[in-house]
Amino acid sequence: MGNEKLKLFAVELFKINAIKFGEFKTKVGLMTPVYCDLRVIVSYPKLLETLSDLIVEHLKKLNKVDIVCGVPYTALPIATVVSIKTSIPMVMRRKEAKDYGTKKLIEGHFNEGDICLIVEDVVTSGSSILETVRDLKNSGIKCSDAIVLLNREQGGSQLLSNNGIKMHALLNLTELMQYLREANCVTDAVVDKVKTYLSNTQVDPNVLNLKEDRLKLAFSARAKFVQNPISKKLFEIMSTKKTTLCVAADITSATDLLNLAEQVGPHICLMKTHIDIVEDFHPNVINHLKEIANRHNFFLFEDKKFGDIGKTVQLQYSKSIFQISSWANLVTAHSLLGKGVLEGIKAGDGLKERGVFLLAETSSAESLIDQNYVQSTIKLAKQYSDIVIGIVCQSPLFRDEPGLIQLTPGCHLESVGDTLAQQYSSPENVVLTKGGDIAVVGRGITKAADRSAEAKKYKELLWAAYEKRIN
Ligand code: BMP
């Protein structure tokens, strides 16, 4: 791999605008004076071939590899050409979280223990490579080396090496700047600007940690990612009681509500209420419920689905005959009106330790929620991670947030739905296909002849599916 070849290649990249200078915003929101985006290379087959040749030359110096994998998406075509030129088979990593469970994470044929070479265009922190490595490793593939075109020299190499990956960069940013200067593509001022930027923006590799896949982690390990004390305690309850069952106590009689709490208490982590459907409600009911919840070690969770302006939510949460904030550690909220709802809950009087499950998707058929709404809900949840402890949804929308809990309603062993648009899945489906951490079961338990036995059955099925998932 001669420097001349690389130098010519660097100039070509500059000419096709794959390397730009100015003021750009990076993926993590920081400003940078240099931006490298090799997505355009697919429009220049000759350059794509040159890059692949440079990678192949380097690849020959490494130990034998069985397969190659490009980090999606930019490096996919690069890896494809490398694969064709070397006859080394390729695999592809799926990036879409939604496909988890229904589709494989890694496409292509491979054997357990195969050694995979990672191909990437540009490395800043190294976290994109690590996400790909994580999925490859979860599929039984070994990874130890990554060939990359450009190392931006911002801590990526160290992070990768901390995680057992040796990075082989064809170019680093300092060399690139030198080549472009020599070819008169940039001025001394630009070179200096990039130099200053580099020395000011070193990422500490010790603070960079790859977020682990929620679906593969034990609850006990996930507890360390959260700050909210209720969330921490909920993970603890789930681990120690070995239960991910939330009973939906949609009961209209106060006595029956308390009966249900006694019957299912030993088997649940959460009791979800719609307290405003209790026809003979009296504040004393709450005292009894609190005592039962304490004794059986579960949390009370009012499914109010707050969705008004912040001030109204604050009043609905703390006032009224139900005084939700005085007894329910957890509540649900809609994200439709944005942050005001969460601010309203935070501003309410009542229990200090409180948390919210934000509704992103529903089990009700033909809801009006679209993908934009779903993604904005997840974003809001991340912004309010002090109060939002989880998401109510029907698919694994957030795999890289191990601290967030997925609550999935619509779980029933026998029925497929009701006459009012409710849709059901089996406990195994909820956990393994839909990615649910906690499953909400209402009528599947409340209508059973022996509610206690039925709750135990659901608890055990859900727990077995969870163990299968993390193993
Ligand atoms: P059941 O299992 O009996 O269908 O009860 C489901 C419970 O979960 C109800 O209390 C309902 O309000 C709630 N729920 C749901 O069914 N789907 C959702 O998308 C969100 C919910 O809160």
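The values are calculated or read from the model by the stated rules, or taken from the named source; none is laboratory data. The structure presented is a predicted model; accordingly, all values stated were derived computationally and were not measured. Quick reminder, even Gly has a Cβ in these numbers, built from the backbone with ideal geometry, and neighbours come from all protein chains shown.
Count, please, the residues in the stretch 160-183 that happen to be touching a strand residue (DSSP E or B) at 6+ places or on another chain (Cβ under 6 Å) and more than 21 Å from K15 (Cβ to Cβ).
Selection size over the stretch 160-183: 6.
Sort through G344, G340 and tell me the only one that's free of Cβ contacts under 8 Å to residues at least 40 places away in the same chain, surrounded by 22 or more Cβ atoms within 10 Å (Cβ to Cβ), within 29 Å of the chain's Cα centre (by Cα) and part of a helix (DSSP H, G or I).
Within the list G344, G340, the selection yields G344.
Which of the residues spanning the stretch 1-21 are assigned to a strand (DSSP E or B) and either more than 21 Å from Y73 (Cβ to Cβ) or among the basic types (K, R) (or both)?
K20, F21
Could you go through the stretch 22-45 and let me know if any residue there is part of a helix (DSSP H, G or I), surrounded by 17 or more Cβ atoms within 10 Å (Cβ to Cβ) and either aliphatic (A, V, I, L, M) or in contact with a strand residue (DSSP E or B) (Cβ under 8 Å, 6 or more places away or on another chain) (or both).
yes
Do we have any residue at all in the stretch 277-288 that's hydrophobic (A, V, I, L, M, F, W, C) and closer than 19 Å to A455 by Cβ?
Taking every residue of the stretch 277-288 in turn, none turns out to be hydrophobic (A, V, I, L, M, F, W, C) and closer than 19 Å to A455 by Cβ.
Kindly check whether there is at least one residue in the stretch 410-424 that is assigned to a strand (DSSP E or B) and buried (at least 20 other Cβ atoms within 10 Å of the Cβ).
yes
Residue-wise test of (1) assigned to a loop (DSSP other than H, G, I, E, B); (2) out of contact with any Gly (no Cβ under 6 Å at 6 or more places or on another chain); (3) β-branched (V, I, T); (4) more than 16 Å from the ligand (Cβ to nearest atom).
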position	(1), (2), (3), (4)
V431	no, yes, yes, no
G435	yes, yes, no, no
G444	no, yes, no, no
E454	no, yes, no, no
K459	no, yes, no, no
Y466	no, yes, no, yes
R469	no, yes, no, yes
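Go through the stretch 415-471 and report how many residues are within 17 Å of P396 (Cβ to Cβ) and among the aromatic types (F, W, Y).
1
Six or more apart or on different chains, Cβ atoms under 9 Å: show the pairs whose first residue is in the stretch 165-192 and part of a helix (DSSP H, G or I) and whose second is at pLDDT below 95 and of a type in the set (D, E).
Hits for this filter: L173/E153; T174/E153.
Hey, can you tell me all the residues within the stretch 335-357 that are touching a Phe, Trp or Tyr at 6+ places or on another chain (Cβ under 7 Å) and within 16 Å of the ligand (Cβ to nearest atom)?
Residue satisfying the conditions is V341 alone.
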